[in-house]
Amino acid sequence: MAADLLLRARRAVVGGRETAAAVRVRGGQILAVEPLDTDPAGADVVDLAADEVLLPGLVDTHVHVNEPGRTDWEGFATATRAAAAGGVTTLLDMPLNSVPPTTTRAALDTKRAVAGGQAYVDVGFWGGAVPGNLADLEPLHTAGVFGFKCFLLPSGVDEFPELDDAGLAAVLEETARLDALLIAHAEDAALVTEAAGRGYRGFLDSRPPAAETTAIERLVAAAERAGARAHVVHLSAADALPVIRRARADGVRLTVETCPHYLTLCAEEVPDGRTEFKCCPPIRDAANRDLLWDALADGTIDAVVSDHSPCVPELKRFETGDFGEAWGGIAGLQLGLPAVWTEARRRGHTLVDVVRWMAEGPADLVGLARKGRIEAGADADLCAFAPDDAFEVDPARLWHKNPVTAYAGRTLSGTVRRTWLRGAPVDPSGPPTGRLLTRGES
């Protein structure tokens, strides 16, 4: 079979198992997956090192790129370089914290114009559902957004307000009509209090698990009434898991994601004043973390995505360490794979599991059938991952625009050595080759 490229790996994650494989690529797609000793038949051959595993490129459906408007926080060039360095070959950009937010067709066009020519990986876009833009949802849907993001409490930026119960119901009626996905930041404002000072415990107590559980109950009830699809973003509170399981048993079309920081960090290890650990909802205790891992193992949680939410260093208020004043968000796009793998391996999970959570699961969530897997017909988005290669996180060596991360100084296992986008190596110093995606294509 004629091909442009043949990648040979003693270890590869293919079809839900780890096996030796030769992956034949032509025209940017996987032509076939064959035995390791297959005849190259004239293709250029790349042999992975003995300590490397060939993985499908990860799919990260929760990234705040922030461009335009807050490009000093992050931007398409830096975010997509960071993604490629972390083995992520497809990302979906959140509709906030850019200015304008992606709540109209015109704003989507603006964002696509800015992103074009800067993307080192493939990029798709979420639309936003806010008060007053109900009529904008269908044009955004027609233009190819992957669904709509809403908040059930203030978002932290004035240009992206939250939906009240009536607004949520109206949006879900519309997304049900469109068969579009609504994804929700689910915390209840009535149960969230103001935090102040350097103490992490005070901040944690200000956003209790009940705030998530109550908001998820509201979302489930509204989605069930509308017959709509709903998705809970960045679940941190394990107390909400029974609500999620019950909703699914009742036939509600509900999916759930969590994030690497909730799976690898814990409240007991967050020092006072270290605001790089602030995110909303918060990093909770180790017992809660264990329950999230159990929910991943049993399939209650569908995907693990970064919620990469960076900002300029001064907004983290490092000079005071005040958790009430600091911007909430974890910068971790480049580090998600090694962070999750480090903890997953310790708990007896395999790279097959990690691929299911971080590649296949997110791709399936948004309908990207040619992403997140190594199989004939899929895009040849791949990475060479050295699972035993440990390193200490140095923020200054990350591709993120600002050298701030909660993983600073941590030793992680697993290095992404090479990334391919549609069969071509991603070169962060070369021209960007990423494409802008629309719903229903990859």
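A short reminder: the numbers here are calculations on the coordinates, not readings from a lab. Quick caveat, the model's predicted, so the values are computed rather than measured. Neighbour counts are summed over all protein chains in view; Cβ atoms, including those assigned to glycine, are modelled from backbone coordinates with ideal geometry.
Numbers for the structure displayed
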{"quantity": "Most fluctuating residue given options T102, T350, T90, as computed from a GNM of the chain linking Cα atoms under 10 Å", "calculated": "T350"}
{"quantity": "Inter-centroid distance (Cα atoms) of region 248-305 relative to region 353-411, Å", "calculated": "18 Å"}
{"quantity": "Per-pair calculated FRET efficiency, R0 = 56 Å: V45 and E159 via Cβ, rounded to 0.05", "calculated": "0.65"}
{"quantity": "Simple spin-label estimate for A424 and T411 in nanometres, 7 Å along Cα-Cβ", "calculated": "4.0 nm"}
{"quantity": "Ranked packing of 36-42, 66-72, most packed first, by mean Cβ within 10 Å", "calculated": "66-72, 36-42"}
{"quantity": "Residue (of T110, V13, Q29) at the positive-pole extreme of region 1-152, dipole from beta-carbon charges", "calculated": "T110"}
{"quantity": "From phi via Karplus (6.51, -1.76, 1.60), per-residue ³J(HN,Hα) for region 257-267 in Hz, x at Gly/Pro", "calculated": "10, 10, 10, x, 5, 6, 8, 10, 10, 8, 4"}
{"quantity": "Packing rank of 128-135, 168-175, where each peptide gets the mean count of other beta carbons within 10 Å, highest leading", "calculated": "168-175, 128-135"}
{"quantity": "At least 18 Å along the helix axis (C-alpha) and Kyte average at least 0.0, DSSP helices within the chain", "calculated": "165-178, 209-226"}
{"quantity": "Highest average packing first - 420-429, 258-267, Cβ atoms within 10 Å", "calculated": "258-267, 420-429"}
{"quantity": "Electrostatic dipole magnitude of the chain [Cβ: Lys, Arg +1; Asp, Glu -1; Cα centre; debye, to 20]", "calculated": "660 debye"}
{"quantity": "Label of the coordinate-derived value, Cα extents along the principal axes in Å, listed as [x] 85, 52, 44; [y] 65, 47, 43; [z] 59, 53, 47", "calculated": "[y]"}
